[in-house]
2 protein chains.
Amino acid sequence: MKQINIFDSTLRDGAQAEGISFSVEDKLKVVKALDELGVAYIEAGNPGSNPKDLEFFIKVKALELKNAKLTAFGSTRRRDITPEEDANVLSLLSADTKVVAIFGKSWDFHVTDIIKTSLEENLKMIQETVSFLKGKDKEVVFDAEHFFDGYKSNKEYAMNTLEAAVSGKADSLALCDTNGGCTPDEIYEITKEVVDKFKEVEVGIHCHNDSGMAVANSIMAVKAGATQVQGTYVGFGERCGNANLSSLIPTLQIKKGFHCIPEENIETLTSTAILISEIANVTLSDKEPYVGRSAFTHKAGMHIDGVNKAPHSFEHINPELVGNERRFLMSEVAGRSTIIKKISRIDPSITKDSEETTRIVEKLKKLEYYGYQFEGADSSFELLIRKQLGKYEPFFDLEYFKIIGEQKTTENQFSSYAMVKVKVDEQVEFSAAEGDGPVNALDKALRKSLEGFYPKLKTVHLTDYKVRVLDSLGATAAKVRVLITSTDGTAVWTTVGVSTDIIEASLIALVDSIEYKLIKDIENRYRTHK
Amino acid sequence: MKQINIFDSTLRDGAQAEGISFSVEDKLKVVKALDELGVAYIEAGNPGSNPKDLEFFIKVKALELKNAKLTAFGSTRRRDITPEEDANVLSLLSADTKVVAIFGKSWDFHVTDIIKTSLEENLKMIQETVSFLKGKDKEVVFDAEHFFDGYKSNKEYAMNTLEAAVSGKADSLALCDTNGGCTPDEIYEITKEVVDKFKEVEVGIHCHNDSGMAVANSIMAVKAGATQVQGTYVGFGERCGNANLSSLIPTLQIKKGFHCIPEENIETLTSTAILISEIANVTLSDKEPYVGRSAFTHKAGMHIDGVNKAPHSFEHINPELVGNERRFLMSEVAGRSTIIKKISRIDPSITKDSEETTRIVEKLKKLEYYGYQFEGADSSFELLIRKQLGKYEPFFDLEYFKIIGEQKTTENQFSSYAMVKVKVDEQVEFSAAEGDGPVNALDKALRKSLEGFYPKLKTVHLTDYKVRVLDSLGATAAKVRVLITSTDGTAVWTTVGVSTDIIEASLIALVDSIEYKLIKDIENRYRTHK
């Protein structure tokens, strides 16, 4: 099986998308997810562009990557100096990655009119920068910016820029449709010419989606012989985004027979898409090919009938291959087998056809309709199963709570307080706390009131808090989904709450978090004593 | 210029999308919009499938269409009866349209295993139904369902189904990639063979987006000689949607030199996309090629610099051609030149080197460091500039507010209230409101207290509310950024607030929204009186 090297730029080109801003912690999570998936390269940022990326490159060294090579991104040296004199080129070395990707200009107009130098000097900038980095033992990817526009404007010069990179000993040439304006036939023909000419290096493709054809353009480049495919997960990127790897990987591997990622990971494509969207705080489009919630959802009666007779009658692939599931909008038949896996972890005696399974599926459907999503909130889902199976005993009753937020003077002094009354075994505890906002105050008050009963809760703190407005057209009356991640220093768990009231949604997730911790403590005690 | 006939199926295949349901009034509005745009065919529904469509076909006769031919959709007759005996075929006539599109089976497997008849009978069903409709003076489009899958499974039979339609005197053959699983090279080669073989009829293409390539596949079919392009506006459709006409039309007409719609209407592509999304009650994706809000939005500093020197350096077309606009995001990477453009709209005397510009840039940096981001919140940025320039007079003072959220019993009854005291020209107004959560309550109370002073605020309502947790590691004590979009029915504006307290962040954005509206009202009055 021919190998296609997947070059992921979610953390670099993807971070150029409007509304996306990754923290260092976010970036580390994305690196882990992409490495687990098994891409070949993770382009993770530009160490020269900002201190946040520099901090990331230091912290990322603690991760042991199984599949991917970490890649730093920068540009060719500036005009009229040596690479050694260019702070940005030097900063690429400070990232301490095996691979470095540098972009250079391949469109003559950009050389003369944008960076304003001579065509000759630009060739030197490419050749010398590649050569300098190769001298430092780096694997070098040369991103030929605007290569296709350059080829159309001045073919000979565009080819010369590739020649310059090759003579500097670049390991691969990535042809970029930077403005995203090309069509598949153009991409095929031009890529083929490059592949035929530069047999000694790998040729890559880097497409943008401004004409809605980035995925198809990348496929056509592979047909023409490109073996490195650059893109971003779920297509994040500036303007209309980059080529979408969650569409490209399954098309290449399942349909075209190439090897992109370890075969057993293909079924994690959907969960990876959900996870990366969550980290980026972006709603994954339902219509997203392969990984979207509606990608295998059938509404037309004739289609449902056909799929019931033979799934491939109206499905281009089996949704389970990519970890997605079939849904029928009219006659609801949910993916029982996925749910049964989770149930059997709590009670192995329960089967697909048990009455309890039906009950849990019904409850789940109701909650999903209401706005819940348990993909990133396994712990809340476990609590839900326990409640349905009767394997749940509440640890406390929340008898009353009140939050107050107030601006006392016109001097903009805001204060938030919470009061909480809980009952444990007939014993009542009342606590109050002040916080940074009402949710924080509530969190503090709730813990305070329970720690006397359950001292182990003192080890728990929240590590992540996310808010997603559902149906944002409802504006301030819209439902919100809150995800809370907690840790006790050993385990990490995530819980979810949904309500039109952000306080209530947060409270539901907070209570789940505490209960989950208390259940696990009992289970562990039992296990230790066994 | 070669003509490409745009065949819009927004109201038929588009209505199969999850979450989309058009009322009869909605459908009439969409017909008007598409006819104004100038598509050749509007496939508007299946009169045999439901009474709503039948009612529509009666009402639509009152519209005088300038460009489009209305088309009714149905299928070939059922097996073993005549077309005259098939109620669905007869209902196609009752729609009283000039054009009728009927689909038939081109994939042998579907004939034998899904509709369970003989291959021979299926050919008769096609030929006889087309012939019957031609006898009733209809223009007939034959949709060859699953044509590409059929061709791959049994090429000879797939071609025979087209032959059957042609012998029935069909006017055009639309080749359907019903499951959306084909790649551009396959589509090109197979379409080319059909075009070469059936020279006497028009060949069309109908693609679905299950592999993310529907637009590219359609373009490749046109390259192969297809002259009818079927799709839906903004790509609505079952599963991953249909080929997106708002991407296809500009690519074909602006880049490939075909004639699809009247030249002067190309600049209405964006407003048509917004309008049809509004009617369908679907949020138009910011990333949508050509027509999305971010389609020509630049964030990277180098891109902004390039576009300022020459727009085509990072834009595949001029956004004005399709009625869209260029935006520069106000982020850390945006330079002074972007900011000065916004300042000069308020005070043209201020230059890049003015002391005021320095002050605004400093303020902007401070706020961005704090967590503000003005990309997407132009109106708050305008208020910021006004305040720095002394061109701002507060319309009201918020003297006091208090929010209360409380769970009264253990029965999970949550309630939220807000109290607000404002002062306008020494007059004090105190209001209270109950809401879906504290933010909604605050929003209501604030408006209530101000509407007496500023009656025009009654026209304002919020259309979008977004929450982003910044540095989510701070958990419930983390800062949040709130974005609020408001409208008065004519203008739309977005404001932003940041705080560790979600209530305060929302309040800041709410107050900005109200002040922005009041400032614009004064400006407009001034302009009218000038």
_Every residue in the stretch A:483-508 that is aliphatic (A, V, I, L, M), at the interface with chain B (Cβ under 10 Å from one of its Cβ atoms) and under 25 Å from the mean Cα position of the chain (by Cα), please._
A:Leu483, A:Ile484, A:Ile502, A:Ala505
*Please work out if A:Ser21 is open to solvent by less than 10 Å² (accessible area, probe 1.4 Å) and closer than 25 Å to A:Ala87 by Cβ.*
no
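Whether any residue in the stretch A:154-169 is in the same structural domain as A:Leu119 (by TED's automatic domain parsing), within 19 Å of A:Tyr41 (Cβ to Cβ) and touching a Lys or Arg at 6+ places or on another chain (Cβ under 9 Å) is what I want to check.
As a first pass, look at the stretch A:154-169 and keep what is in the same structural domain as A:Leu119 (by TED's automatic domain parsing): A:154-169.
Among the residues that remain, those that are also within 19 Å of A:Tyr41 (Cβ to Cβ) are: A:165, A:169.
After this cut, where a residue has to be touching a Lys or Arg at 6+ places or on another chain (Cβ under 9 Å) as well, the list is A:169.
Looking through the stretch A:154-169, at least one residue is in the same structural domain as A:Leu119 (by TED's automatic domain parsing), within 19 Å of A:Tyr41 (Cβ to Cβ) and touching a Lys or Arg at 6+ places or on another chain (Cβ under 9 Å).
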*So A:Asp347 fits all but one of (1) among the acidic types (Asp, Glu); (2) surrounded by fewer than 16 Cβ atoms within 10 Å (Cβ to Cβ); (3) closer than 30 Å to B:Thr283 by Cβ; what number is the exception?*
(3)
*asked:* Quick check on the stretch B:276-292: of everything there that is among the charged types (D, E, K, R) and facing chain A (nearest Cβ under 9 Å), which residue is farthest from B:Ile317 (Cα to Cα)?
replied: B:Asp286
*Just to be sure, is A:Ile403 buried (at least 19 other Cβ atoms within 10 Å of the Cβ) and modelled with pLDDT of 90 or more?*
yes
*Kindly provide the set of residues from the stretch B:426-446 that are farther than 16 Å from B:Ile502 by Cβ, open to solvent by 10 Å² or more (accessible area, probe 1.4 Å) and touching a residue at least 24 places away in the same chain (Cβ under 8 Å), ordered by number.*
B:Gln427, B:Val428, B:Glu429, B:Lys444
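Quick check on B:Asn46: is it surrounded by fewer than 19 Cβ atoms within 10 Å (Cβ to Cβ) and of a type in the set (S, T, N, Q)?
Considered against the rule, which asks whether it is surrounded by fewer than 19 Cβ atoms within 10 Å (Cβ to Cβ) and of a type in the set (S, T, N, Q), B:Asn46 comes out as no.
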_First in the stretch A:250-262 and at positive phi, second anywhere and among the aliphatic types (A, V, I, L, M), Cβ under 7 Å, 6 or more apart_ = A:Gly257/A:Met1
*For A:Asp113, which of the numbered conditions (1) free of Cβ contacts under 8 Å to residues at least 24 places away in the same chain; (2) more than 14 Å from every other protein chain (Cβ to nearest Cβ) fails to hold?*
(2)
*Restricting the search to the stretch A:478-530, which residues are under 20 Å from B:Asp436 (Cβ atoms), among the polar types (S, T, N, Q) and open to solvent by 40 Å² or more (accessible area, probe 1.4 Å)?*
A:Thr500
*Checking A:Glu382 against (1) modelled with pLDDT under 85; (2) open to solvent by less than 60 Å² (accessible area, probe 1.4 Å); (3) more than 14 Å from chain B (Cβ to nearest Cβ), which test does it fail?*
(1)
*Which ones in the stretch B:256-270 are assigned to a strand (DSSP E or B) and within 13 Å of chain A (Cβ to nearest Cβ)?*
none
*Candidates A:Ala174, A:Ala158, A:Ala101 - the one that is of a type in the set (A, V, I, L, M, F, W, C) and either open to solvent by 60 Å² or more (accessible area, probe 1.4 Å) or more than 30 Å from B:Val215 (Cα to Cα) (or both)*: A:Ala101
*Just checking, how many residues over the stretch B:453-471 are open to solvent by 70 Å² or more (accessible area, probe 1.4 Å) and more than 14 Å from chain A (Cβ to nearest Cβ)?*
4
*Identify the residue in the stretch B:128-152 that is farther than 16 Å from B:Phe103 by Cβ and of a type in the set (Lys, Arg) and, among all such residues, is least open to solvent (accessible area, probe 1.4 Å).*
B:Lys134
*Which condition breaks for B:Ala475 when tested against (1) open to solvent by 10 Å² or more (accessible area, probe 1.4 Å); (2) part of a helix (DSSP H, G or I); (3) modelled with pLDDT under 80; (4) of a type outside the set (S, T, N, Q)?*
(1)
*Hits in the stretch A:297-311 (condition: open to solvent by 20 Å² or more (accessible area, probe 1.4 Å) and more than 20 Å from B:Leu11 (Cα to Cα))*: A:Asp305, A:Asn308, A:Lys309, A:Pro311
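Any residue in the stretch A:188-203 that is of a type in the set (Lys, Arg), within 11 Å of chain B (Cβ to nearest Cβ) and farther than 28 Å from B:Ser246 by Cβ?
First pass over the stretch A:188-203, keeping only residues of a type in the set (Lys, Arg): A:192, A:197, A:199.
Remaining after also requiring within 11 Å of chain B (Cβ to nearest Cβ): none.
Scanning the stretch A:188-203 turns up no residue that is of a type in the set (Lys, Arg), within 11 Å of chain B (Cβ to nearest Cβ) and farther than 28 Å from B:Ser246 by Cβ.
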*Does the stretch A:411-435 hold any residues that are at pLDDT below 90 and in contact with a helix residue (DSSP H, G or I) (Cβ under 8 Å, 6 or more places away or on another chain), and which are they?*
A:Phe414, A:Ser416, A:Gly435
*Within the stretch A:87-98, which residues are open to solvent by 10 Å² or more (accessible area, probe 1.4 Å) and either at positive phi or in contact with a Phe, Trp or Tyr (Cβ under 6 Å, 6 or more places away or on another chain) (or both)?*
A:Asp96
_Selected residue [touching a strand residue (DSSP E or B) at 6+ places or on another chain (Cβ under 7 Å), over 26 Å from A:Glu18 (Cβ atoms) and of a type in the set (Gly, Ala, Ser)] from A:Gly235, A:Gly257, A:Gly212, A:Gly225_ = A:Gly225
*Can you find a residue in the stretch B:323-344 that is under 18 Å from the mean Cα position of the chain (by Cα) and at the interface with chain A (Cβ under 10 Å from one of its Cβ atoms)?*
no
_Options A:Ala295, A:Ala273, A:Ala243; residue that is away from chain B (no Cβ under 11 Å) and touching a residue at least 12 places away in the same chain (Cβ under 8 Å)_ = A:Ala273
*Right, B:Thr10: modelled with pLDDT of 95 or more and in contact with a helix residue (DSSP H, G or I) (Cβ under 6 Å, 6 or more places away or on another chain) or not?*
yes
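The values are calculated or read from the model by the stated rules, or taken from the named source; none is laboratory data. Because the structure is predicted, anything quoted here is derived from the model rather than measured. Note that we place each Cβ from the backbone using ideal geometry, even for glycine, and neighbour counts take in every protein chain shown. All accessible areas refer to the heavy atoms of the entire protein, side chains included, with ligands and DNA or RNA removed. Shrake-Rupley method; radii C 1.70, N 1.55, O 1.52, S 1.80 Å.
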